[in-house]
1. Provide a single number: the residues in region 215-248 that are closer than 25 Å to residue 92 by Cα, open to solvent by 30 Å² or more (accessible area, probe 1.4 Å) and small (Gly, Ala, Ser).
2. How many residues does region 13-41 hold that are crowded, with 16+ Cβ neighbours inside 10 Å and part of a helix (DSSP H, G or I)?
3. Can you tell me which residue among 61, 137, 96, 82 is buried (at least 20 other Cβ atoms within 10 Å of the Cβ) and acidic (Asp, Glu)?
4. For region 145-195, which residues satisfy the criterion of being more than 23 Å from residue 24 (Cβ to Cβ), of a type in the set (Gly, Ala, Ser) and open to solvent by less than 40 Å² (accessible area, probe 1.4 Å)?
5. Does residue 129 count as of a type in the set (A, V, I, L, M), within 20 Å of residue 212 (Cβ to Cβ) and open to solvent by less than 20 Å² (accessible area, probe 1.4 Å)?
6. Which ones in region 198-223 are over 20 Å from residue 143 (Cα atoms) and in a helix (DSSP H, G or I)?
Amino acid sequence: MLTVGVDLAAEADRTAVAWLDWRDGGAVLRKLMRGATDEDILEAVGQAGKAGIDCPLGWPDAFVAFVSAHQAGQVDITADVDRRDGRRRLAWRLTDEVVREQTGLIPLSVAADRIGHAAMRCAGLLAGLAPRGLAVDRSGAGRVVEVYPAASLKIWDLPYRGYKRPANVAALTQLADELLAAAPWLDLGPYGDLCRSSDDALDAVIAALAAWAAVRGLATSPDPDQADAARTEGWIALPKSSLSELRP
């Protein structure tokens, strides 16, 4: 089975896609691309059994309702947007709060941070999957699932901070080495050097690993009382197992 990981940025030059082929007791990185266009991503998702996308798949329901009310001139004056708690429920999704509770990490706010630019691109990509006959369920039940590489790394007891940007290439190299030590069944093929020099590339590989966790039922999914919000806002699938348990 093939899983794809997409480290999605607002522009193609910072977007990476990884193709992991799972067979024979391990996983082989068949392809790793930087500078991925929308067409590259749509084609990759079409080839995958599951694709993990590192980007919010939706916006907070409360934020969407608030903006719609503002557009119509009908904002409730009791919305408490003059207080941090009132704004927090607009800025973060249910899944963001769950990630915060389970990992201590605070995902970027798709409503109030620059990641919103990438989410706009992601919305266009999701819309582009339907004409290709690919089912999209933002809760992760369809072809795509939302993933969060930093949280995955933390759950797998690997370094999850300080490896971004060219200035931290030594930390990135160490992370790649520790990942392979923890998952000796993972073969990066000819792309090992790229994973050690580009955090976008390595994050795409991690996203593909997290997608496999979702395939195996080894990642979180929404409870029944969370399902409605997950289908509109998106749901971050957090691994529930060690890396060793992902070995096919």
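The values are calculated or read from the model by the stated rules, or taken from the named source; none is laboratory data. Values in this document were obtained by computation on a predicted structure and should not be read as measured data. Positions of Cβ are backbone-derived with ideal geometry, glycine not excepted, and every protein chain shown enters the neighbour counts. The protein model used for the area step is the full one, side chains on, heavy atoms only, and it has no ligands, DNA or RNA in it. Shrake-Rupley method; radii C 1.70, N 1.55, O 1.52, S 1.80 Å.
1. 1
2. 2
3. After ruling out the rest, the residue left standing is 96.
4. Scanning region 145-195 gives 150, 151, 152, 171.
5. Spelling it out, residue 129 is indeed of a type in the set (A, V, I, L, M), within 20 Å of residue 212 (Cβ to Cβ) and open to solvent by less than 20 Å² (accessible area, probe 1.4 Å).
6. Of everything in region 198-223, those that are over 20 Å from residue 143 (Cα atoms) and in a helix (DSSP H, G or I) turn out to be 199, 200, 201, 202.
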